[in-house]
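Novice: Sending over a structure as structure tokens; questions will come in a sec.
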There are 2 protein chains.
Amino acid sequence: MKDPGDHRICFVGDSFVQGTLDPECRGWVGRVAAAARARGFDVTAYNLGVRRDTSRDVRARWEAECRARLPAGCAGHVVFSFGANDATLEEGRPRVGEEESTANLAAVLAAARTHYAVRVVGPPPVGDAEQDERILRLCARYAETAAELDIPYLPLAAKLAEDPVWRNEVAASDGSHPGAAGYRLIASLVLAWPSWWFGPAP
Amino acid sequence: MKDPGDHRICFVGDSFVQGTLDPECRGWVGRVAAAARARGFDVTAYNLGVRRDTSRDVRARWEAECRARLPAGCAGHVVFSFGANDATLEEGRPRVGEEESTANLAAVLAAARTHYAVRVVGPPPVGDAEQDERILRLCARYAETAAELDIPYLPLAAKLAEDPVWRNEVAASDGSHPGAAGYRLIASLVLAWPSWWFGPAP
């Protein structure tokens with residue numbers, strides 16, 4: 001099977017999108033892109049993950065960066081994945097509160113869907129019990145927001161938090177990011193997602 | 001050897017930077033980044049290659065995109081690599097003429113070097129004899145411009161044009177882009193470059 005479309009995808013988000021600390025420097029984004037090519041799709045993947053980025057940072061930059069990469073005439077896709085850094089405490093308060101964080105996601109999705117096919121991959125846990133609680137709460141809000149706009153949302157946090165591969169790699173690393181196996185794990189969840197564009201032939 | 005620095009690199013350029021048509025979706029950028037990590041450097045690589053981008057396109061976007069990724073407090077590096085698309089004919093004329101193309105490189109380098117460590121990787125050939133002649137002429141101008149600003153420049157075009165691995169892969173592909181072996185070849189040239197930041201311990 002060779003799909004004839006010229007698919008271009010921007011993956012916009014934080015360090016987990018960027019693939020931080022992956023010794024292979026591929027992250028889950030590089031792996032799902034290579035899998036799509038192996039399945040016969042002509043895919044160009046742009047990794048727009050930025051370390052430390054919150055929903056506020058993504059909201060400020062996603063549009064210009066996607067516009068430069070998704071010309072009319074190609075099938076433009078955008079995958080958003082952020083939120084974990086919003087829930088980081090600074091001086092006792094989350095960097096971006098739950099209300100603003102949810103509003104940022106809603107604004108970004110509403111604008112993006114008028115031009116592109118859009119998906120949301122929920123944030124992963126970061127290995128700190130209290131922050132992970134905030135992330136799980138945010139995930140529920142994000143899932144709701146995406147559903148209201150009829151945009152598929154893939155939840156990751158609860159599943160990864162109890163996965164021994166993820167937990168061990170994060171513990172052996174900087175306490176937040178996994179290694180190659182953890183990124184492979186996210187990639188496998190994306191590839192198994194019924195809403196993923198580049199699945200195996202049915 | 002473990003280098004203690006927090007090195008962040010933006011690779012800014014065109015489809016050859018992006019790694020277009022690499023079945024592994026890594027390109028030379030992903031390979032040199034993984035090699036740096038394997039050599040003990042803490043490297044975060046941002047691939048800002050965009051298909052079809054000319055020097056004019058890069059000049060318009062590089063600064064905002066690098067600023068979002070290279071915070072003060074990290075060692076910020078920028079590698080520029082573009083020019084092949086400038087030399088593409090549209091309605092009988094190059095998309096960007098040699099004078100403007102050279103001025104674009106000079107402007108970008110002069111601004112970038114005030115904030116970041118900067119390197120230039122010359123454009124590769126694209127497999128069309130006349131366009132490759134224009135690219136080689138542009139390369140000479142680019143090398144001069146970089147030298148005037150004391151910025152290391154790695155020439156690729158002449159070497160790749162006569163390399164059988166490169167030529168065969170480009171011929172078997174879309175006529176412009178190589179496959180995994182061609183990108184590996186560029187990576188090996190970058191890694192062997194005495195001006196590369198992340199060489200093996202001397």
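The values are calculated or read from the model by the stated rules, or taken from the named source; none is laboratory data. These numbers were taken from a predicted model, which means no experiment stands behind them. Reconstructed Cβ throughout: ideal geometry from the backbone, glycine too, with neighbour counts over all protein chains shown. Just so you know, the surface numbers come from the protein's heavy atoms only, side chains and all, with ligands and any DNA or RNA stripped out. Shrake-Rupley method; radii C 1.70, N 1.55, O 1.52, S 1.80 Å.
Novice: Taking only DSSP H segments of four or more residues, each worth -39500 (n - 2.57), what value at 222 nm results for chain A once the sum is divided by all its residues, to the nearest 500 deg cm²/dmol?
Specialist: About -13500 deg cm²/dmol.
Novice: Copy-to-copy spacing for A:G97, label 7 Å out on the Cα-to-C-beta vector, in nm, shortest first?
Specialist: Ordered by increasing distance: 5.7 nm.
Novice: Scan the stretch A:113-191 for GluC sites (Glu not before Pro) in coil per DSSP, keeping those whose Cβ has at most 10 other Cβ atoms within 10 Å, and list them by number.
Specialist: A:E162
Novice: Going by accessible area, probe 1.4 Å, with all protein chains left in place, what is the ranking of A:T88, A:T102, largest first?
Specialist: A:T88, A:T102
Novice: Moving to a separate point now. Distance from the Cα centre of the stretch A:8-75 to that of the stretch A:93-135, in angstrom?
Specialist: Spelled out, the Cα-based centre of one part sits 16 Å from the other.
Novice: Related question: According to the Kirkwood expression over distinct Cα-Cα pairs, how big is the hydrodynamic radius of the protein assembly as shown, in Å?
Specialist: Computed over Cα pairs of the protein assembly as shown, the Kirkwood hydrodynamic radius comes out at 21.7 Å.
Novice: Can you list the distances in nanometres, one decimal and ascending, from the A:P23 label point to the identical position in each other copy, with the point 7 Å along Cα to Cβ?
Specialist: Inter-copy label distances (nm, one decimal, shortest first): 2.5.
Novice: Across chain A, where is the longest run that never hits trypsin sites (Lys or Arg not before Pro) in a DSSP loop with at most 15 other C-beta atoms within 10 Å?
Specialist: Between the exposed loop sites, the longest stretch runs A:114-202.
Novice: Based on alpha-carbon positions alone, could you give the equivalent ellipsoid semi-axes of chain A from the gyration tensor, as √(5λ), descending, whole Å?
Specialist: Result for chain A: semi-axes of 26, 21, 14 Å.
Novice: Label position 7 Å from Cα toward Cβ: report the copy-to-copy distances for B:G175 in nm, one decimal, ordered from shortest.
Specialist: Spelled out, the distances from B:G175's label point are 5.6 nm.
Novice: Just read off the accessible area of B:C25 with the full protein assembly in place, 1.4 Å probe, to the nearest 10 Å².
Specialist: Rounded to the nearest 10, the figure is 40 Å².
Novice: Taking each full run of DSSP H in chain B as one helix, which ones are at least 15 Å long along their axis (Cα atoms) and have mean Kyte-Doolittle hydropathy of at least 1.0?
Specialist: Membrane-span-like by this criterion, though nothing is claimed about a membrane: B:180-191.
Novice: Would you mind calculating the gained length between B:L149 and B:A111 on full extension (0.36 nm times residue separation, minus the Cα-Cα distance), in nm to one decimal?
Specialist: Difference between extended and current length: 12.6 nm.
Novice: In percent, what relative contact order does chain A have, based on Cα pairs under 8 Å that are 6 or more apart in sequence? Don't jump to the answer; show the numbers that get you there.
Specialist: Details: 359 pairs, mean separation 46.8, N = 202.
This gives 23 percent for chain A.
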